[in-house]
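Every read-out reported here was derived from the displayed coordinates using simple, explicitly stated rules and does not represent laboratory data. The shown structure was predicted, so the numbers you read here are calculated from the model rather than taken from an experiment. In this analysis, Cβ positions are derived from the backbone assuming ideal geometry, glycine residues included, and neighbour counts consider all displayed protein chains.
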């Protein structure tokens with residue numbers, strides 16, 4: 001069993017894990033919208049659209065928003081993994097798998113754009129996203145159990 005020092009604030013870990021989930025789900029929804037509306041190559045440059053860090057024009061709005069949200073979501077997932085590795089031993093494994101999966105997912109996203117929507121890469125990108133969401137959900141559930149003593 002972990003000591004009190006290792007779990008100084010389990011609700012912080014819970015907040016990190018929880019905040020990553022809706023962000024990840026939103027990224028996935030926008031990604032599916034981009035694919036289904038045939039906007040997958042509306043922004044053919046990677047990682048930035050032609051407008052760089054400026055507000056996106058209507059042409060690049062969804063793709064730009066998707067990529068911006070990915071950066072924020074990846075940061076939350078990495079922060080959750082770091083916090084879990086240090087302070088939530090029960091959630092460590094799923095959080096680290098999520099951090100690895102988000103790294104793979106970013107590389108797959110880059111390849112999807114640079115190969116101009118290669119179907120197998122698009123399928124791998126979606127599949128990895130589902131794995132990533134599962135690991136993020138499992139991390140949240142473990143963090144919930146830690147925070148509320150339901151181990």
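Computed over the alpha-carbon atoms, the chain gives an Rg to Rh ratio of 1.05, Rh here being the Kirkwood radius from the mean inverse distance. Against the chain, whose longest principal axis comes from its Cα atoms, helix 61-87 is set at around 20 degrees.
Relative contact order, percent, of the stretch 49-151 when contacts are C-alpha pairs under 8 Å separated by at least 6 residues? Before the final figure, lay out each step's value.
Numbers: 71 pairs, mean separation 26.0, N = 103.
Reported as a whole number, the value is 25 percent.
Over all orientations, the stretch 69-150 has a Cα convex hull whose mean projected area works out to 5.2 square nanometres.
Using Cβ contacts closer than 10 Å as the measure, can you line up 58, 63, 118 from fewest to most? Could the numbers behind the result be given before it?
Numbers: 58 6, 63 22, 118 13.
The fewest-first ordering by Cβ neighbours comes to 58, 118, 63.
Against the chain, whose longest principal axis comes from its Cα atoms, helix 119-147 is set at around 20 degrees.
Take each peptide in 71-83, 25-37, count the other Cβ atoms within 10 Å of every residue, and average; sorted highest first, the result is 71-83, 25-37. Taking 52, 129, 13 as the candidate residues, the one with maximal mean-square fluctuation in a Gaussian network model of the chain, Cα springs under 10 Å, is 52. Here the simple spin-label model places points 7 Å from the Cα toward Cβ, and for residue 71 and residue 100 these points are separated by 2.8 nm.
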